[in-house]
Amino acid sequence: MSFTVAIDGPAASGKGTLSKAVAAHFGFAHLDTGLLYRAVGREVLDGAEPVEAARELRKETLERDDLRTAEVAEAASKVAAIAQVREALVDFQRAFARRSGGAVLDGRDIGTVICPEAEVKLFVTASDEVRAERRFLELEAKGFQTTRAEVLADLRERDARDSARATAPLKPAEDAVKLDTTEMSIDQAVTRAVAVIEERLGGRE
Ligand code: C5P
């Protein structure tokens, strides 16, 4: 059986943590699609041409351990605005979504462009300040030198670029269930997402 859960939302909304947790709960495969754009961004920082990098995305690049930096996030958001870059990554994501056994994909355009037919669509948000605080603590724990103000400014800049682009902008699908995690713990958000998915799974039996 194929069953797709699309989880979209802005940077540091908690969608990554949530996606991993619901994938583990249901035994579904998980794809962090942001990593694809980060890998292309990384290659562009290293001198590659963006569309070529996306068309020939290498497994070694996806496995690099330096894709989570602010520099790569910014480069990812820039290459993600190029229509041919997005186009080059579509087939891989759609094939992943329809694999048998169930799949969770998180990103910005999963429910709107990649999998408009997804059985479940969630759009995860949180206030700018809470997202910045979460990302700041994450970066600090990894030993990066930064400030809350800098992280907040970076997030806002990236969200503005992701929301304003012409191709596949960040926005909720019309039929997405919105999940505002500003005042939720991870456990509460997971419980809510699991309930939404269980309801859809139950309806198919
Ligand atoms: O989710 P993450 O922060 O890793 O994504 C990095 C960047 O990749 C985003 O800011 C966005 O520009 C881009 N992206 C996208 N579409 C997706 C996933 C990520 O445009 N489905």
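Side notes on the structure shown:
- Flag for residue 135 being among the charged types (D, E, K, R), near the ligand (Cβ under 10 Å from one of its atoms) and under 17 Å from the mean Cα position of the chain (by Cα): yes
- For residue 39: the one exception among (1) on the phi > 0 side of the Ramachandran plot; (2) of a type in the set (A, V, I, L, M); (3) free of Cβ contacts under 8 Å to residues at least 60 places away in the same chain: (1)
- Within the stretch 86-135, tally of residues that are out of contact with any Lys or Arg (no Cβ under 8 Å at 6 or more places or on another chain) and among the aromatic types (Phe, Trp, Tyr): 2
Let's see how each residue does on (1) out of contact with any strand residue (DSSP E or B) (no Cβ under 8 Å at 6 or more places or on another chain); (2) in contact (Cβ under 8 Å) with a residue 60 or more places away in the chain:
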| residue | (1), (2) |
| --- | --- |
| 23 | no, yes |
| 35 | yes, no |
| 48 | yes, no |
| 78 | yes, yes |
| 105 | no, yes |
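- Selection of the stretch 1-27 for residues being over 22 Å from residue 136 (Cβ atoms), open to solvent by 20 Å² or more (accessible area, probe 1.4 Å) and either touching a Phe, Trp or Tyr at 6+ places or on another chain (Cβ under 9 Å) or near the ligand (Cβ under 9 Å from one of its atoms) (or both) yields only 26.
- Once the stretch 106-115 is narrowed to residues that are within 8 Å of the ligand (Cβ to nearest atom) and of a type in the set (A, V, I, L, M), the residue that is surrounded by the fewest Cβ atoms within 10 Å (Cβ to Cβ) is 114.
- Every pair of residues 6+ apart whose Cβ atoms lie under 6 Å, when the first sits in the stretch 157-185 and is in a loop (DSSP other than H, G, I, E, B) while the second is surrounded by fewer than 17 Cβ atoms within 10 Å (Cβ to Cβ) and of a type in the set (Gly, Ala, Ser): 167/83; 169/163; 170/163; 182/127
- Restricting the search to helices (runs of 4 or more DSSP H) fully inside the stretch 34-79 and requiring at least 2 residues that are surrounded by fewer than 17 Cβ atoms within 10 Å (Cβ to Cβ) and within 19 Å of the chain's Cα centre (by Cα) gives 59-62, 70-79.
- Here residue 41 meets each of (1) within 30 Å of residue 198 (Cα to Cα); (2) within 9 Å of the ligand (Cβ to nearest atom) with one exception, condition (1).
- Residue ID - nearest to the ligand (Cβ to nearest atom), chosen from residues in the stretch 121-132 that are out of contact with any Pro (no Cβ under 6 Å at 6 or more places or on another chain) and within 26 Å of residue 3 (Cα to Cα): 124
- Single residue of 189, 153, 173, 118 found to be out of contact with any strand residue (DSSP E or B) (no Cβ under 6 Å at 6 or more places or on another chain), within 15 Å of the ligand (Cβ to nearest atom) and modelled with pLDDT of 95 or more: 153
The values are calculated or read from the model by the stated rules, or taken from the named source; none is laboratory data. Bear in mind that the values here come from a model prediction, so they are computed numbers and not experimental data. FYI the Cβ positions are ideal-geometry reconstructions off the backbone, even for glycines, and counts take in every protein chain you see. Protein only, heavy atoms only, side chains kept; ligands, DNA and RNA dropped before computing areas. Shrake-Rupley method; radii C 1.70, N 1.55, O 1.52, S 1.80 Å.
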